[in-house]
Every structure is written in C-alpha cells, then in structure tokens.
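Asker: Quick one: the structure is below, questions incoming.
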Amino acid sequence: MMSNLDQFYDELKDLIYQITFDPNCWDVFAQKLFELLNASYVHIHAIDFSLNVLSYSRGYGALPKEVYAIYELDYLHFPIEADPRWGKFLDKERVGWYQCLGDVSQEFVEKSDLYQKVLLPLNVRYVATHELIWDDHICVYWSINTSQNRGPLNQIELDFLNRLLPHLTKVVKAQRYLYEISSNTLIGYNLIDKLNKPVVLLSLSGEVVHYNEHMKYYLTQQNNIKIHGKKLFIPVQEQKRFSEMLYQIEDAFRYSKGDLTQYKNKTFNIPVENEQNLIFELELLVTEKEMAYFGVRPLIMLICHIYSNQALYNANFLKQKYKLAKREIEVCALFLGGNNIEQIGKLMGITLSSMRTYMKNIFNKTECKSQVELIRLLMMINNREE
C-alpha cells in the first residue's frame, strides 16, 4: 500500500544526489524532509573515533542557525550521562533505526535539566537516528527530531526513510572526507562562527586559537582590544588581572582539577571608551564532551558583550513576565551595564547584604542559576521589540 509520503520519493532522491555536486544542497534536502515529516530538526553529524572527536554537524530547523548553535554550546555543559540516548544508539548490537521512546520516559524528561533547558526549547523531544557510515574510524549518522506534540516517527515514516537511506549512504560515503576530523571542521569552531557575538578561543596559557568574524570586525572598530600574533591584548590596567586569572586557571587544571568549577560561568568586566563596558563571558571547555567538540585540548571561550553604561532594555517585559519590582529592574539595568554587585550597591545606596537579597530574588523570579544565565536572559530581552 502506497503512503502519502511515497509521492515525494523521486524528488527527495534527486535532492540527495545533488549533494554529490554541492554539499550545501543538504539544506534543501533537509528542509523538504523537515516539512514533510513535520519535524523539529533534521541533523547529520559524525564522530571520528581516532580522536573521539565530534567531527561534523549540520542541521536544518525552523529557528535561525545561531539559536541552534547557542543551544548546542549549552548542551556541552551537561555530562554525557545526562543524555541516555548516546549509549543506546552506539550499542553495536543495535539494528536499524534507534528511537528514544523506550529509553527516555516522560518522567525523566520532566526532571531533566538537559531536556527542560536545552532540548524542549528547541521542540526536540523524540529522535530517530540511523548510521550512514559506521566502521572502526568514523560514525556518520542521520537524525530526525520531533516535538512532544507531534510525537515520534511512526513505522510508515520509518519505512519511507529506509527507502532513502541507501541513496544518502552512497552520497555520504563518496564525501567521506567531509566528515573526518581536520582543524577546519571542528564542530566547536563552526558553532562559534555562527554566533552573532564576538567570540575568541584561548588555550589555557592564553594563546589565541581561533576567533569568529564578529570578533574580527569588532577588532577593527575600536582600540581597546587587540590581537597580535596569537596574543590577546586588553587595556593595561586590566591586562595584569586577566593574565593572573589565566595563570590561575592553568594552574588549577594541571594540579587541582577539582577547583575548576570556580572558573565556569565567570564574567570579566572591562571599562572601555565612549562610556561602554566590555563583558567577557568566560566558559572553560575542559570536559570530555567539550573537548570532543573543540579538539583534544582544554580551551577557554570568551564571548564578548558590549554595552552602554546606560543600557536600554524592555523593562515592561521584565515586570510582566517575571514580576520584577522597580528596584529589581534597576539592579538588572546596572548589572547589564557592566557593574558588579559591589558597584551596584554603591550606585543604589544599599548594603552588600541587601544586594545579595536582591540578586537572590531576581534569580528566583527569572529561574536563573548564575550571573551568566542572567546576563544571557537580559541580552535576549534587550533585543526584544515592544
């Protein structure tokens, strides 16, 4: 019996073979499949087993690519065991499509920070995954993600995908070089290149490893932050403090790894010209999963946020959505403007103890667990239209 999907078989098969001539045609194929299956995200990715590095990632969904990049970076902060799907998919005894329905219960989803904070906001609840190449060196796999409301793929849909599978496998095998590891195909580099904020990657010793186009542009627009050779230069009065922090991070990594948590979700404020503040949001990429995305060595990722001291933001949205009081909104404005807790207390004429109470209340109302999370939330609100 012919399903409604079968009428699109020839069109999708032709789109697959167009990928042979232009890898960018993957997006056209993925978009068509995304629409036909009412999917949330169609994804192709690869693991290079020689270095245990995720060597390729490309997906199509309804949201801008930058949004998926941000959430994929957030995904890295969760330990591998937080996602029970990996072990089941990579089980060599498994045959055919892997679907998470039997392994990820609704109870687990409701209690999982990974699902609540990363996957569900992308409308990703269910996944169907099948390998395209799997040998001793590399695994390339194809995933169709669907939402809670849509539900998992059914057998008719999987049967249709099985008809496409040998054609996609043939094309992927012919382009195997795209999926194997190289310094230019590290997923982490590709992710930060999609972000619309200036981002720079440093080694633990402070050597510049990579930076994106937004950082390259920002470097041409001001004189406060410079990159010469492989060294990042910031204003002299802040350079010593920044260098000392890098030294402490490297020392903690080499000799006392348990102390590294203090450097996660850290911010570093730098007053610059024209009444602006530059805020470095510091992420320490040292977990097994993070190094799988960014390479085999630990790195420091600096995301740069530039704000006026008189930061503008949607105060009405903060009031209505999060029930923040007037003084709490004032704290958020000053915090977004680059001031730390002590500075905000002085500017508002309140004690440090009272400031901590304000911050605790703001965290509770916004469901943020760190200053970095709060900054991200305020940035998103800052970009909203009334």
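Asker: Between Asp27 and Ser353, what is the FRET efficiency for a Förster distance of 51 Å, r being their Cβ-Cβ separation, to the nearest 0.05?
Answerer: In this case the efficiency is close to 0.40.
Asker: Just to be sure I understand: with springs between alpha-carbon atoms less than 10 Å apart, which residue in Leu352, Leu195, Leu374 has the highest mean-square fluctuation in the Gaussian network model of the chain?
Answerer: Leu352
Asker: I'd like the distance between the alpha-carbon centres of region 1-78 and region 185-245, rounded to an integer number of Å.
Answerer: Their Cα centres are 31 Å away from one another.
Asker: For the cross-link pairs Lys346/Lys369; Lys32/Lys197; Lys13/Lys173; Lys326/Lys360; Lys117/Lys369; Lys319/Lys360, which exceed 19 Å when the distance is taken from alpha carbon to alpha carbon?
Answerer: Lys346/Lys369; Lys32/Lys197
Asker: Check the straight Cα-Cα distances from Lys230 and name the lysines below 17 Å, setting aside those fewer than 8 residues away within the same chain.
Answerer: Partners within reach: Lys216.
Asker: Same structure, new question: Could you work out how much longer the chain between Gln7 and Glu93 gets when fully extended? Use 0.36 nm per residue separation minus the Cα distance between them, nm to one decimal.
Answerer: Contour length minus the Cα-Cα distance gives 27.6 nm.
Asker: Between Glu66 and Tyr17, what is 0.36 nm times their sequence separation minus the Cα-Cα distance? Round to one decimal in nm.
Answerer: My answer for the length gained is 14.9 nm.
Asker: Under a GNM of the chain (C-alpha, springs under 10 Å), which listed residue has the highest mean-square fluctuation: Gln222, Gln320, Gln371?
Answerer: Gln320
Asker: Here's a follow-up. By its C-alpha gyration tensor, with a ≥ b ≥ c as the square roots of the eigenvalues, how is region 1-85 shaped: rounded for a/c under 1.5, else prolate for a/b larger than b/c, else oblate?
Answerer: Because a/c hits 1.5 or more and a/b exceeds b/c, region 1-85 counts as prolate.
Asker: Compute the helix-to-body angle for 65-75: its Cα long axis versus the longest principal axis of the chain, expressed 0 to 90° and rounded to tens.
Answerer: Roughly 80 degrees between the two axes.
Asker: What list do you get for Tyr177, Tyr189 if you sort them by fewest beta carbons within 10 Å?
Answerer: Fewest-to-most Cβ neighbours within 10 Å comes out as Tyr177, Tyr189.
Asker: Related question: How do Phe242, Phe108 rank when sorted from fewest to most other Cβ atoms within 10 Å of their own Cβ?
Answerer: Phe108, Phe242
Asker: Could you identify which residue out of Tyr322, Tyr293, Tyr247 has the top mean-square fluctuation in a GNM of the chain using Cα springs shorter than 10 Å?
Answerer: Result for the chain, Cα springs under 10 Å: Tyr322 fluctuates most.
Asker: Oh, and also: Kindly identify region 1-45 as rounded, prolate or oblate by the Cα gyration tensor criterion: order the square roots of the eigenvalues as a ≥ b ≥ c, call it rounded if a/c is under 1.5, otherwise compare a/b with b/c, prolate if a/b is larger, else oblate.
Answerer: oblate
Asker: Taking the structure as given and computing log10 I(q)/I(0) by the Debye sum over Cα atoms at q = 0.09, 0.11, 0.13 Å⁻¹, which label from [x] -0.52, -0.77, -1.05; [y] -0.45, -0.69, -0.99; [z] -0.62, -0.90, -1.18 fits?
Answerer: [z]
Asker: For Asp193 and Ile156, what does the FRET efficiency come to when R0 = 51 Å and r is the distance between their Cβ atoms, rounded to the nearest 0.05?
Answerer: So, using R0 = 51 Å, E works out to roughly 0.85.
Asker: Next question. At 222 nm, what helix-only mean residue ellipticity would the chain give, in deg cm²/dmol to the nearest 500, using -39500 (n - 2.57) for each DSSP H run of four or more?
Answerer: -12500 deg cm²/dmol
Read-outs throughout are calculated quantities, based only on the coordinates presented, and are distinct from any laboratory measurement. Remember, predicted model here, so these are calculated numbers, not experimental data. A quick note on method: Cβ atoms are made from the backbone with ideal geometry, for glycine too, and the neighbour counts reach across all protein chains shown.
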